[in-house]
Amino acid sequence: MFSILHFLQTYQPPSSHSYAAPGAVVLIRLYLAVNFPVMQWPYPDISLQQVAVQECQTLYNSQGDSCAVTNDFSGYFPIYGKRGTDLLPLLTGSQTGAMNQGDQTYAVLARPLLPENLLVQADGKQWTETFGMNGGKWPLLVGAH
């Protein structure tokens, strides 16, 4: 047992590299009242309002907002590529922050797309699995690149 412990404590792989996420999943919720400075959303081609509506049924909603009744399915919105990974450091600390777009402020939560959270269904569509608050399996919406 001690030889195994020693091996694990001293093991140095011949080479290693960091995992490069293919993007990020963003979770968006409208802020009703904000009394602090916020950043401008950096991607004008991605409507935070539209994403918030699409994700409304998947998110824990502590402000008591009700989701509009819709026949559209709900899920999480991915931003693939460099734009998605560039968003992560903008949201310091817990990868969450407030951002403006238009005249609205939104809570933005971003998580990297990690291989252990990505699932491919039998029909080829990608889903993401999360644990904890809002835990479960959710489809990835048509995202942005």
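When each of Ser74, Ser66 is tested for being of a type in the set (S, T, N, Q), crowded, with 16+ Cβ neighbours inside 10 Å and modelled with pLDDT under 85, the lone residue that passes is Ser74. For Gly84, the test of being of a type outside the set (D, E, K, R), part of a helix (DSSP H, G or I) and modelled with pLDDT under 85 is failed. The residue pairs whose first member lies in the stretch 42-59 and is outside any helix (DSSP H, G or I), whose second member is surrounded by fewer than 15 Cβ atoms within 10 Å (Cβ to Cβ) and among the charged types (D, E, K, R), and whose beta carbons are closer than 9 Å, counting only pairs six or more residues apart or on different chains, are Pro42/Asp86; Cys56/Asp65.
In the stretch 1-25, the residues that are β-branched (Val, Ile, Thr) form Cβ pairs under 8 Å with partners that are surrounded by 10 or more Cβ atoms within 10 Å (Cβ to Cβ) and part of a loop (DSSP other than H, G, I, E, B), at six or more places apart or across chains, as follows: Val25/Leu113. If the condition is being over 26 Å from Ser18 (Cα atoms) and surrounded by fewer than 14 Cβ atoms within 10 Å (Cβ to Cβ), then the stretch 109-134 contributes Gln121, Ala122, Asp123, Gly124, Lys125, Met133.
The values are calculated or read from the model by the stated rules, or taken from the named source; none is laboratory data. Since the model is a prediction, treat every value here as computed from it, not as a measurement. Heads up, the Cβs are rebuilt from the backbone with ideal geometry, glycines too, and the neighbour counts pull from every protein chain shown.
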